[in-house]
Amino acid sequence: MKKILRGTTCRTYNSVVVLGRAMEDPKMTEDPAYGPHTTFSLVSERKTGIGREPVTVRIEARRRLAELCVEIIKKGREVLIVGQLGRKEKTGVLVHASEIKFLGGDR
């Protein structure tokens, strides 16, 4: 039987992949503890029993990833986000991005 190490192995279960379009241009802020920081919203779709419904996901990126987001992502740009779930917000779900694939151009 494998032994599960708390704090290392269990973190991999908190992974999320989101494909969607940017609802806004990312805004850069500077955090003294973490450096460059940006947040923006994506709209994605979720399958339901009767069709699909839109889902808003709030994305948070830090450091160099944040800088790239501000340079490349514009409203309507399709992106693929890999990250970890954050706390729920009033507007939906928060994802802390660890990887971002910049797909397609603006719509």
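The values are calculated or read from the model by the stated rules, or taken from the named source; none is laboratory data. None of these values were measured; they are calculated from a predicted model. Note: ideal-geometry Cβ built from the backbone for every residue, glycine included; neighbour counts use all protein chains shown.
Inside the stretch 27-56, residues that are part of a loop (DSSP other than H, G, I, E, B) and either within 19 Å of VAL93 (Cβ to Cβ) or at pLDDT below 80 (or both) make up a count of 1. Please verify whether GLU24 is of a type in the set (D, E, K, R), assigned to a strand (DSSP E or B) and modelled with pLDDT of 90 or more, treating the condition exactly as stated. In short, no. Pairs under 8 Å by beta carbon, first residue farther than 28 Å from ILE72 by Cα in the stretch 2-28, partner assigned to a helix (DSSP H, G or I) and modelled with pLDDT under 90, six or more apart or different chains? Listed pairs, sorted by first residue: ILE4/CYS10.
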